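Peer 1: Pasting a structure here, questions to come.
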Amino acid sequence: MTVSVIKNGAIARVIIDNPPVNAISAAVRQGLLDAVRTVEADDAVKAVVLSCAGRTFVAGADVTEFDKPPVEPHLPDVLNAVEACSKPFAAQIHGTALGGGLEIALACRWRLAAPGSQMGLPEVNLGIIPGAGGTVRTPRLVGVEAAADLITSGKPVKAEKALALGLIDAILPAENADQAAEDFVTAALGAALPEITSARPIGQKDEAFWTETAARVKRAAKGNTGPVEALASLKNATEVSFAEAMAFERETFLRLRKTDQAAALRHIFFAERAAPRPSELKGVTPRPFTRIGVIGGGTMGAGIAVAMRNAGLPVQMIERDAEAAARGQANVEKILKGDLAKGRITEAKYAELIGGFNAAADYAAVADCDLVIEAVFEDLDVKRAVFAELTRVCAPDAILATNTSYLNPDEIVADLPGPERFIGLHFFSPANIMKLLEIVPTSGSAPDVIATGFALAAKAGKMPVRAGICDGFIGNRILKLTRTTAERLVVAGAEPSQVDNALQKFGFALGPFRTQDLSGLDIGAFQRKAARGRGESPWAPVADRVFEAGRLGRKTNGGWYDYDTAGKEVAGTPAAVAEAIAAARADAGVTTPATFSDAEIVEAIMFPMINESAKIVAEGIAFRDSDVDLVKVSGYGFPRFRGGPVQYGRAIGFAKVAEGLEALAAKGLADGPSEALKAWAAKA
Ligand code: T1G
C-alpha cells in the first residue's frame, strides 16, 4: 500500500510508503487523493498528520515518469484537494522534502520537521521548474526574496533555517516525533487555524529587484534555462491570481520537461547514481583502508594527500629525499592555508588536517599503510622503481595504486609480486577539489581491490568512473582528440580565440586553448615527446611551435594568449602564436584561411567527440555511455545541461552526427564516422 490511512481518534495519520525515497508516482498521487476523501468522510477525524515510511519524506516527483505522458491525478490537483480538505493536514518531515515533496508540505496547514532534516526545490537542477505550486505557494510563506533564492538555487535548506524563514512551523524533538506531531496538531486545533497557503497574501517587488535578480540568476545558471524560467514563474505569481499563477507554472513545467536540457540533466542525474555502484561488484566487500600512503609531493601528490585528509584518513607522504619531502609538506600546507584563507576550514580544522599528515623520505614510513597512491613523475621507469620499492616495503595485501594519467598501469606493475593488488586511481588536478576519479583496474586487479577503489571514492566524496586501459583512459583520450581537432581548425583558418569563444558560448567552462594556458603547454609537449619516443607521431604543428617559443601559458604570462600583469587575457592572437599558425598553414599548404561560424566550430569539435565516445563504449573502455558523459561533465567542464557528448549526440541524432563527420572528413577536419557510431545511428 503506497498510501495508508490510520485512524485513531481525532488525529488521523496518512503514511506514504514508496521506497526507496517515497517518490511521487501515479500510485502515490492516487493514494493521497483517496486518503483526503477518506478523512473528509469520517466525522471522527478532526485533523491529519501526513508522514512517510522509510528514510525520508517525499523526495519529489518520480523522475522515471518524466519520459511518459502525465497520468491523472495530476499533483497540483491532488495538492489543491489536500489544502481544501476540511480536516487540516500537518506534514511531518524527516530526511529530505524535495521538489514535489516540499510542495505537498506547502499545501498542508502546518509543516513540522525533524532536526537536521532538509527541504528544497531542486527542480531547476533537472532543467525544469516546480510544477505543483512551488513558485506560487513558497512566496506566500517565506516572502518573495527568500522564495527566489530557494527556487532558483535548487539548494535545500536545513530545518533550522526553514523555521527562521517561515517555511515550517516547528522543529520536532528527535525522540517521539510522531507523538509530538500529533500533540502539536491537537493543540493547534484549539486555536484559530492558520489560513490555507494559497489564500495568504503574496508580497510585491519592484522592477529593479526583478531585473537585478534575473541577471544574477542567468549568470549563475550557465545556460540552464530552468532557474531563469522559475524566476519568471515566481514574478508572474506576484502579478496574477493563485489559480492563474498555478496554470502558468504548470504550463512552464510541462514545456520544460520535454526539452533536451531536461532530458540531459535527468541523464546525468541517473548517470551519477549508476557509476558509483557497478553491478559487477555487487556483493564484493572492499578491503579496509585506514592509513593512506602518497608517493610524491608535487601538485598531484599534495592534492591527493589533502583529499585523503579531508576524508578523515591519516596520510603518510614519501618523497625521494628530505628536501623533496619538505617541499611536499610545504605544498600540502599551502593548499590547506588556502582553504583557511578562503574560510573553507577553521584554524582548528587546519590543525587537525595537517596534524594527520606526515612527509618523509624513507619508504619504511608507509610499511603500515593499507592503501598507497603513487603520484610521481609521468615516467615509466620512475614509476616502476616506486612500485618495486613498495612491494618490498608494504604488506602483501596492501593495495598499491598509480595515479598515472597517460601511462599503461599494466606496464608500470609488470612482473611485480601480488598482481591482484594493483590498480589505477586517476585523480584530476586539483585533486582536493575535482570530483572525478577514474578507476582503472590492471589486468590482475582483484574484484575486492576494485571495490576498494569505489569505497575510497565514496569516502572522499569523489565521483568514480571505471575506465579500461587505453591511451588516456576515457577523459584524456577524448581531450587529446579535442585538442587535435581544435588545432586542425586553427591550421584551416580559425583563430584560437574564435574556437574557445564558440565552445564557451556552447557552455564549456573554458575552450581548449584557454585550458592549455591554464594547465600549461609543457604537459602536452611532454606527452608528445614521450609518444614520439615510443615511435608515435602526434600531430600538433602549432602547439609544438608555441611551446618551442617558450610560451607555456599563464605560468609564463603567455601561451596561446598573452596576459597582462594582472593576469587578464590580452585580446587577440599574440604575434608569436600568429607566426606559429602561419608556419603550420604554410606546411599544410593552406593559402587561403577558411572562415568558420560558431556553429561550424561546435560541430567540428563535438562530432569527433561523440564519435570517439562511441568507440570508447564499443571497446569496453567505458562500461556504459553515461559513464563517458559523466567523465566529461564532472572532470572536463562539459556543460551539465547538455548531458555530456553522448547525450548531446542522442539529442541531435547520431545519424546527423555521422553525416556531419563525413563532411568534416572531406575537409580534412575529422576522421569519418566509426562503425561504433554507425551502430548507434542504426539503433536510434
Ligand atoms: N525519482 C525517482 N527516483 C529517485 C528520485 C526521484 N525523484 N530520487 C532518487 N531516486 C532514486 C535514485 O535514482 C536511486 O535509485 C535511489 O532513489 C536512491 O537515490 C512536481 C516535478 C532524495 C537526496 O530532484 O536528491 O519533484 O540507483 O542514491 O544519496 O515540482 O536521491 O537505488 O535504483 O540519490 O540517499 C525533484 C532527487 C524531482 C530529488 C537521496 N526531486 N533525489 O539521496 O540516494 S522533480 C529531486 C535526490 C519534482 C515537482 C517536480 C536524492 C535524495 P537506485 P540516491 P541518496
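The values are calculated or read from the model by the stated rules, or taken from the named source; none is laboratory data. For clarity, every value in this text was computed on a predicted model and none was experimentally measured. A quick note on method: Cβ atoms are made from the backbone with ideal geometry, for glycine too, and the neighbour counts reach across all protein chains shown. Only protein heavy atoms, including side chains, enter the accessible area calculation; ligands, DNA and RNA are left aside. Shrake-Rupley method; radii C 1.70, N 1.55, O 1.52, S 1.80 Å.
Peer 1: Which condition breaks for Val372 when tested against (1) outside any helix (DSSP H, G or I); (2) under 30 Å from Phe526 (Cα atoms); (3) touching a Lys or Arg at 6+ places or on another chain (Cβ under 9 Å)?
Peer 2: (3)
Peer 1: Considering only the range 190-204, I want to know if a residue exists there that is among the hydroxyl-bearing types (Ser, Thr, Tyr) and closer than 27 Å to Gly643 by Cβ. If you could, list the steps in order and put the result at the bottom.
Peer 2: Residues of the range 190-204 among the hydroxyl-bearing types (Ser, Thr, Tyr): 197-198.
Of the ones still in play, those that are also closer than 27 Å to Gly643 by Cβ are none.
Scanning the range 190-204 turns up no residue that is among the hydroxyl-bearing types (Ser, Thr, Tyr) and closer than 27 Å to Gly643 by Cβ.
Peer 1: Can I ask one more? Applying the selection to the range 94-132, what residues are over 27 Å from the mean Cα position of the chain (by Cα) and closer than 26 Å to Glu65 by Cβ?
Peer 2: Ile104, Ala105, Leu106, Ala107, Cys108, Arg111
Peer 1: Scan the range 60-70 residue by residue and report those that are within 7 Å of the ligand (Cβ to nearest atom) and surrounded by 14 or more Cβ atoms within 10 Å (Cβ to Cβ).
Peer 2: Going through the range 60-70, the residues within 7 Å of the ligand (Cβ to nearest atom) turn out to be 60-64.
Gly60, Ala61, Asp62, Val63, listed by residue number.
Peer 1: Please verify whether Ala237 is surrounded by 20 or more Cβ atoms within 10 Å (Cβ to Cβ), at pLDDT 95 or above and in contact with a helix residue (DSSP H, G or I) (Cβ under 6 Å, 6 or more places away or on another chain), treating the condition exactly as stated.
Peer 2: Numbers: surrounded by 20 or more Cβ atoms within 10 Å (Cβ to Cβ): yes; at pLDDT 95 or above: yes; in contact with a helix residue (DSSP H, G or I) (Cβ under 6 Å, 6 or more places away or on another chain): yes.
Answer is yes for this residue.
Peer 1: For the range 200-231, give me each residue that is open to solvent by 50 Å² or more (accessible area, probe 1.4 Å) and within 22 Å of Gly133 (Cβ to Cβ). Reasoning before the result, please.
Peer 2: So in the range 200-231, the residues open to solvent by 50 Å² or more (accessible area, probe 1.4 Å) come out as 200-201, 204-208, 211-212, 216, 218-220, 222, 225, 228.
Scanning the range 200-231 gives Arg200, Pro201, Gln204, Lys205, Thr225, Val228.
Peer 1: Something else about it: Output the residue which, of all residues in the range 577-590 that are assigned to a helix (DSSP H, G or I) and over 17 Å from Asp517 (Cβ atoms), is most open to solvent (accessible area, probe 1.4 Å).
Peer 2: Glu579
Peer 1: With the structure loaded, tell me whether Phe57 is within 16 Å of the ligand (Cβ to nearest atom) and either of a type in the set (Phe, Trp, Tyr) or not assigned by TED's automatic domain parsing to the domain that holds Ile168 (or both) or whether it fails that test.
Peer 2: Working: within 16 Å of the ligand (Cβ to nearest atom): yes; either of a type in the set (Phe, Trp, Tyr) or not assigned by TED's automatic domain parsing to the domain that holds Ile168 (or both): yes.
So Phe57 fits the description; yes.
Peer 1: Filter the range 1-23 down to the residues that are part of a loop (DSSP other than H, G, I, E, B) and hydrophobic (A, V, I, L, M, F, W, C) and list them by number.
Peer 2: Met1, Ala10, Val21, Ala23
Residues are listed down the side, and each one gets a yes or a no for (1) surrounded by fewer than 22 Cβ atoms within 10 Å (Cβ to Cβ); (2) closer than 20 Å to Asp260 by Cβ:
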site	(1), (2)
Phe607	no, yes
Ala618	yes, no
Ala622	no, no
Leu630	no, yes
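Peer 1: Residues being open to solvent by 50 Å² or more (accessible area, probe 1.4 Å), within 16 Å of the ligand (Cβ to nearest atom) and among the polar types (S, T, N, Q): count how many of those fall in the range 1-49.
Peer 2: 1
Peer 1: Scanning the range 636-654 for residues that are small (Gly, Ala, Ser) and under 16 Å from the mean Cα position of the chain (by Cα), which turns out surrounded by the fewest Cβ atoms within 10 Å (Cβ to Cβ)?
Peer 2: Checking each candidate, the answer is Gly637.
Peer 1: Every residue in the range 341-357 that is under 19 Å from Thr299 (Cβ atoms) and either buried (at least 16 other Cβ atoms within 10 Å of the Cβ) or in contact with a Phe, Trp or Tyr (Cβ under 6 Å, 6 or more places away or on another chain) (or both), please. It would help to see each step written out before you state the result.
Peer 2: From the range 341-357, those under 19 Å from Thr299 (Cβ atoms) are 341-342, 344, 353-354, 357; that's our starting set.
Answer for the range 341-357, where residues must be under 19 Å from Thr299 (Cβ atoms) and either buried (at least 16 other Cβ atoms within 10 Å of the Cβ) or in contact with a Phe, Trp or Tyr (Cβ under 6 Å, 6 or more places away or on another chain) (or both): Leu353, Ile354, Phe357.
Peer 1: On to the next question. Output the number of residues of the range 71-86 satisfying the condition of being in a loop (DSSP other than H, G, I, E, B) and surrounded by 14 or more Cβ atoms within 10 Å (Cβ to Cβ). Talk me through it step by step, then tell me what you get.
Peer 2: Initially, the range 71-86 is screened for residues in a loop (DSSP other than H, G, I, E, B), giving 71-74, 85-86.
Those still in the list that are surrounded by 14 or more Cβ atoms within 10 Å (Cβ to Cβ) too: 73-74, 85.
Number of matching residues: 3.
Peer 1: On to the next question. For the range 91-109, what are the residues that are open to solvent by 10 Å² or more (accessible area, probe 1.4 Å) and not in a loop (DSSP other than H, G, I, E, B)?
Peer 2: Of all residues in the range 91-109, those open to solvent by 10 Å² or more (accessible area, probe 1.4 Å) come to 92, 94-96, 98, 109.
Passing the criteria: Gln92, Thr96, Leu98.
Peer 1: Something else about it: Can you name every one of the helices (runs of 4 or more DSSP H) wholly within the range 125-199 that holds 1 or more residues which are within 20 Å of Glu244 (Cβ to Cβ), more than 14 Å from the ligand (Cβ to nearest atom) and open to solvent by less than 10 Å² (accessible area, probe 1.4 Å)? Steps first, answer last, please.
Peer 2: Numbers: elements: 134-142, 144-153, 159-165, 177-189.
Output list reads 134-142, 144-153.
Peer 1: If I filter the range 90-108 for residues that are away from the ligand (no atom under 15 Å from the Cβ) and of a type in the set (S, T, N, Q), do I get at least one hit?
Peer 2: Checked the range 90-108: at least one residue is away from the ligand (no atom under 15 Å from the Cβ) and of a type in the set (S, T, N, Q).
Peer 1: Right, next: Residue under question is Gly668, and the condition is that it be over 26 Å from Gly127 (Cα atoms), open to solvent by 20 Å² or more (accessible area, probe 1.4 Å), touching a helix residue (DSSP H, G or I) at 6+ places or on another chain (Cβ under 8 Å) and at pLDDT below 95; does it hold?
Peer 2: Values: over 26 Å from Gly127 (Cα atoms): yes; open to solvent by 20 Å² or more (accessible area, probe 1.4 Å): yes; touching a helix residue (DSSP H, G or I) at 6+ places or on another chain (Cβ under 8 Å): yes; at pLDDT below 95: yes.
Criteria met by Gly668.
Peer 1: Quick test of your reading of the structure: Leu436 fulfils all but one of (1) over 25 Å from Lys555 (Cα atoms); (2) in the same structural domain as Gly303 (by TED's automatic domain parsing). Name the failing condition by number.
Peer 2: Condition not satisfied by Leu436: (1).
Peer 1: Got a sec? Which of Val39, Val45, Val58, Val49 is in contact with a Lys or Arg (Cβ under 6 Å, 6 or more places away or on another chain), in a loop (DSSP other than H, G, I, E, B) and touching a residue at least 12 places away in the same chain (Cβ under 8 Å)? Let's see the steps before the verdict.
Peer 2: Working: Val39 fails: in a loop (DSSP other than H, G, I, E, B); Val58 fails: in contact with a Lys or Arg (Cβ under 6 Å, 6 or more places away or on another chain); Val49 fails: in a loop (DSSP other than H, G, I, E, B).
Sole residue among the options that is in contact with a Lys or Arg (Cβ under 6 Å, 6 or more places away or on another chain), in a loop (DSSP other than H, G, I, E, B) and touching a residue at least 12 places away in the same chain (Cβ under 8 Å): Val45.
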